[in-house]
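Report on the following structure.
The values are calculated or read from the model by the stated rules, or taken from the named source; none is laboratory data. For clarity, every value in this text was computed on a predicted model and none was experimentally measured. Positions of Cβ are backbone-derived with ideal geometry, glycine not excepted, and every protein chain shown enters the neighbour counts.
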2 protein chains.
Amino acid sequence: MKICILGFGSVGQGVARVFSMKRDIIKQEYGLDLKLVAAADRSGAAIDPDGLDTDLLLNTKKDTGKISEYPKHGVKGISGMEVLDEVDYDCLIEVTPTNIEDAEPARSHILKAMKDGKNVVTSNKGPLALSFKELAHTAALNKVQFKYEASVGGAMPIINFAHETLSGCKIESIYGILNGTTNYILSRMAKEGSSYDQTLNEAQEMGIAETDPTQDVEGEDAACKVVILANSILNMDVTYDDVEVKGISQITPESITLAKKEGYLIKLIGEVSPDSLEVSPRLVKEGSPFAVEGTLNVATLKTDLADEVTVVGKGAGSVETASAILSDIISIWKMK
Amino acid sequence: MKICILGFGSVGQGVARVFSMKRDIIKQEYGLDLKLVAAADRSGAAIDPDGLDTDLLLNTKKDTGKISEYPKHGVKGISGMEVLDEVDYDCLIEVTPTNIEDAEPARSHILKAMKDGKNVVTSNKGPLALSFKELAHTAALNKVQFKYEASVGGAMPIINFAHETLSGCKIESIYGILNGTTNYILSRMAKEGSSYDQTLNEAQEMGIAETDPTQDVEGEDAACKVVILANSILNMDVTYDDVEVKGISQITPESITLAKKEGYLIKLIGEVSPDSLEVSPRLVKEGSPFAVEGTLNVATLKTDLADEVTVVGKGAGSVETASAILSDIISIWKMK
């Protein structure tokens, strides 16, 4: 299977690293030969129909910051769309940064790949939150596969879990802690009694929160995931604007202490149900599966037959997220 | 797909109930037409190539205790093996009671079905714990599918979860609370400070523990599941005798109180790793995913790429367990 990666940040590099680690075992176990024929970042691309050397690719990115510096096969200034025209590939891995304003350039990349008859795997929340129906429709029309497990919860499996493992059940609603950064901040505030600003600073210093933390702390990231789950698992037809969103920046140490006294914790919860799409801080009981700490994500799926089923896993991380992308690729291979 | 059910206790009746509830929606969603052509219990069988009426079947069993009393198509005294020769079917659902002495009659039922070229779905731990390699080998040889999600954890998905959803990861070890009855007893003892015998009696009155509770409380049931997970997920080649087993009947209220003071709970934990196959009471931290109460099951899969992933779900229940069987059937249908 010839692979093209657009976007070479944390997730893209994770995919290259995972390819490097697992290529031999994947070939042996599934008969699937993974060949990375192109990878692109803002600087341009590295393109080699005979397959790029993933270790050399990772080192080039690390040393120069630019994938286009890849020896011999580097191409400066070429755009993602041009790369898709340039190379012969079977599956696009779209992992450019999430843009929740207009979902570009990811949306155009994905649509072009599908119209060209290529399968697509993505971790990019922008196009899924803003244009899900368009993408699902285009995939169906062009008879290609479209997988996006990594877009929600990183290494916490939920989308394929609902579609495949729970295929006998109807999923009626989903509740989850869908953002690791806010879970880290709230867990630390509860443990240390520290203020929101102080804890956010600490999280930023540790690289858990970004310099501009808005997407995480104001609930925007979790809201994107609510939309993706609503469309893909509950078969709804909604976009980002349909979600009621409230973040955690107004949470005081006092409210957390008060909750703790009563045996509760405050968590940022995403709710996905036919009646309500919402992200907001809520009380959860200590000792419940939702009391998980650190950057963990958790989701409970309420089903018609199996009652409640809960999954817990790492919400982020380069290799962790890449593992979900690899599972999607293997799933595409198996369904061939 | 023509279905034959052998065994019509709690799980078998759950399957019939689920067929009755979901037949139309399954046909609509997957194009899969489920037709129950035979069902058998100790009294005999009901056989109808045109499809049995699942509601009438359930009522017959409820009113008379005997499936062979099914109007017109009841057959008294016919054995499971004879039923498999009698009817034309595509998929056997083997849900006779678990026998961990010699795995019969389930083992013979399953082998016969496979040799006749039929797919098999089972929740029966006996043959899986005692003859896994033989069954897996026979399935491969005869090019039939063999699925057994319901054998471990009822409605807590773990086997297909590991094989499908986490296909990109290697599972290195598994820790879990794999028996709901003991989890219920230990949770109640921790909450009420009551003795083991008193709590067991209460659980028996509520129908959570059986009259002869040995399989559950002495860890035999959990040990069967350890074997199934070791063989099917960690690709080991082990049987029941390879598991070190210690149950919960020696746990005192004092030891539970002592653990609680230090922030711990006592749970019956199954460990599955290349170095150790064990079922024993262990300390788990309050606030960890393993602190779940009631009859819930939980399992943590340690992976090479996604770190730890945890699933929580109902370990038992007629319809809940049947939902796992239905997911297996759908999975067989999709892989056709």
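Values for this structure:
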item	result
Looking only at the stretch A:319-336, and only at residues there that are β-branched (V, I, T) and closer than 25 Å to B:G313 by Cβ, the one that is nearest to the other protein chains (Cβ to nearest Cβ)	A:I330
Candidate set: the stretch B:308-318, residues that are surrounded by fewer than 22 Cβ atoms within 10 Å (Cβ to Cβ) and farther than 24 Å from A:A322 by Cβ; chosen: the one nearest to the other protein chains (Cβ to nearest Cβ)	B:G317
Number of the condition not met by A:L305 [criteria: (1) touching a Cys at 6+ places or on another chain (Cβ under 7 Å); (2) farther than 25 Å from A:Q13 by Cα; (3) more than 9 Å from chain B (Cβ to nearest Cβ)]	(3)
Residue tally, condition in contact with a Lys or Arg (Cβ under 8 Å, 6 or more places away or on another chain) and within 26 Å of B:G207 (Cα to Cα), over the stretch B:294-325	7
Failed condition for B:V272, given (1) within 10 Å of another protein chain (Cβ to nearest Cβ); (2) touching a residue at least 60 places away in the same chain (Cβ under 8 Å); (3) part of a strand (DSSP E or B)	(1)
Given (1) more than 22 Å from the chain's Cα centre (by Cα); (2) assigned to a helix (DSSP H, G or I), index of the condition A:V37 fails	(2)
Listing of strands (runs of 3 or more DSSP E) fully contained in the stretch A:91-181 that carry 1 or more residues being acidic (D, E)	A:91-94, A:171-177
Subset of the stretch A:143-187 that is out of contact with any Lys or Arg (no Cβ under 8 Å at 6 or more places or on another chain) and of a type in the set (D, E) - its residue that is modelled with the highest pLDDT	A:E149
Residue tally, condition within 27 Å of A:L326 (Cβ to Cβ) and in a loop (DSSP other than H, G, I, E, B), over the stretch B:294-307	4
Answer residue from the stretch A:153-181, given it is over 21 Å from A:A291 (Cβ atoms) and more than 7 Å from every other protein chain (Cβ to nearest Cβ) and is nearest to the chain's Cα centre (by Cα) among those	A:I159
Test for A:G74: is it at pLDDT 95 or above and on the phi > 0 side of the Ramachandran plot	no
Residue ID - nearest to A:I256 (Cα to Cα), chosen from residues in the stretch A:192-207 that are touching a residue at least 12 places away in the same chain (Cβ under 8 Å) and surrounded by fewer than 20 Cβ atoms within 10 Å (Cβ to Cβ)	A:G193
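So that you can scan it fast, the table gives a plain yes or no per residue for (1) surrounded by fewer than 17 Cβ atoms within 10 Å (Cβ to Cβ); (2) touching a residue at least 40 places away in the same chain (Cβ under 8 Å); (3) not assigned by TED's automatic domain parsing to the domain that holds B:G9:
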| position | (1), (2), (3) |
| --- | --- |
| B:A39 | no, no, no |
| B:R42 | yes, no, no |
| B:K61 | no, yes, no |
| B:D88 | yes, yes, no |
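Yes or no, residue by residue, for (1) surrounded by fewer than 23 Cβ atoms within 10 Å (Cβ to Cβ); (2) in the same structural domain as A:E134 (by TED's automatic domain parsing); (3) in contact with a Ser or Thr (Cβ under 7 Å, 6 or more places away or on another chain):
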site	(1), (2), (3)
A:I248	no, no, yes
A:S255	yes, no, no
A:L258	yes, no, no
A:G263	yes, no, no
A:L268	no, no, yes
A:D275	yes, no, no
A:S288	yes, no, no
A:L301	no, no, no
A:A306	no, no, yes
